[in-house]
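Comments concern the structure below.
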Amino acid sequence: MMCLTSAAELSQKIKAWKMDGQTISFVPTMGNLHRGHLSLVEKAKTLADKVVVSIYVNPMQFGIGEDLESYPRTLAEDQKALNDQSVDLLFLPNNTVMYSSDMENDTRVILPELSQILCGEVRSSHFAGVTTVVNKLLNIVQPDIAVFGEKDYQQVFLIKKMVADLFIPVNVFSAPTVREASGLAMSSRNQYLTSDQHLQAALIYQALCDLKEAVSARHDFRQLESQCAGKLTKDGFRVDYVSFRSTVTLQLAEARDEGVVLLIAAWLGKTRLIDNLVIY
Ligand code: AMP
């Protein structure tokens, strides 16, 4: 597996592959890879001839007081895992490659309304950081395909809209959430949990499944949301939201919506957990 830190060298390599008629799929990550990330790589392999993965902990998507410094960085293990999966190229840019020395005043890509709902309500600059860095990475790599995880439902929703709005020439695919045996969605941040919290964290997926069961012909989404938030609070979580949303608009779901997804974000101690389940 080739590892490159320079955007120019990466572009050169990609151009050579494209001249050769090869297609490229791309999986952006922040590293500390687990089976969830590797499932995206597996999917990427089925969709194109060459697979490029990036590892970059993007400062722009971390708010003040968030875990930018302590975010787990495990490059040697990540390189081994990607090499074992026969990834063709690993892109490892640093902040100097991705931003000017005055990042705050660099160009940003912002979805005004969608970046401020759900996770954006408590992390107001987060999604601007995500869409900006994904835009930059797509411009550098110029892949045919990019693969993202459904675990970050709002993130992939915004990325698909950004790609459509800005006519970015890439096909965006998403891949299902990979879970631990308990149902807990795999996440690099799960390692912040104590072993007791780790067990407790599985209650979020349990809540998603329970609510999916509870949705019937005569349900009231708002009532189910507040009942679930109340139960999670009793179970020791600090709930940011429990929200049924339209899969088409990401606005509050109504009974007449054709597609509905349930999203939960809740804190367990110092760890913020997010998960979601498509209801129908
Ligand atoms: P991250 O390194 O957290 O930025 O995630 C990189 C990519 O992996 C994103 O597209 C995530 O949605 C995806 N991802 C993270 N956790 C999982 C999981 N448990 N299952 C599937 N995809 C995941």
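The values are calculated or read from the model by the stated rules, or taken from the named source; none is laboratory data. Nothing here was measured: the structure is a model prediction, and the numbers come from that model. Heads up, the Cβs are rebuilt from the backbone with ideal geometry, glycines too, and the neighbour counts pull from every protein chain shown. When the accessible area is computed, the model is the full protein with side chains, heavy atoms only, and any ligands, DNA or RNA have been set aside. Shrake-Rupley method; radii C 1.70, N 1.55, O 1.52, S 1.80 Å.
When a/c reaches 1.5 or more, the comparison of a/b and b/c decides; with that in mind, is the chain rounded, prolate or oblate per its Cα gyration tensor? In terms of gyration-tensor shape, prolate. In the structure shown, the pairs K160/K234; K50/K136; K43/K212 are assessed against 29 Å; a Cα-Cα span above that value is assigned to K160/K234. Full extension of the chain between D102 and V248 yields a length gain of 48.9 nm, computed as 0.36 nm times the residue separation minus the alpha carbon distance.
The aspartates and glutamates within cross-link reach of K45, meaning a Cα-to-Cα straight distance under 14 Å and a gap of 8 or more places when in the same chain, are D84, D88, D144. Across W267, W17, the residue with the most accessible area heads the list, and the full order at a 1.4 Å probe is W267, W17.
For a straight C-alpha distance cut-off of 14 angstrom, the aspartates and glutamates reachable from K231 (same-chain residues fewer than eight places away being disregarded) are D210, D240. Taking only complete DSSP H runs, can you tell me which helices of the chain stretch 15 Å or more along their own long axis by Cα positions and average at least -0.5 on the Kyte-Doolittle scale? Membrane-span-like by this criterion, though nothing is claimed about a membrane: 7-19, 35-47, 126-141, 153-165, 203-214. Projecting the Cα atoms of T132, V52, I117 onto the dipole axis of the chain, where Lys and Arg carry +1 and Asp and Glu carry -1 at the beta carbon, places V52 farthest toward the positive end. The distance linking segment 142-157 with segment 183-249 is 22 Å (Cα centroid to Cα centroid, whole angstrom). What is segment 69-156 by shape, rounded, prolate or oblate, if you read a ≥ b ≥ c off the alpha carbon gyration tensor as root eigenvalues and call it rounded for a/c under 1.5, prolate for a/b larger than b/c, and oblate otherwise? In terms of gyration-tensor shape, prolate.
Charges were assigned to the Cβ only: +1 to each Lys and Arg, -1 to each Asp and Glu. The resulting dipole of segment 2-148 about its Cα centre is roughly 380 debye. The charge dipole of segment 69-205, taken about the Cα centre with unit charges on the Cβ atoms of Lys, Arg (+1) and Asp, Glu (-1), comes to about 160 debye, rounded to the nearest 20.
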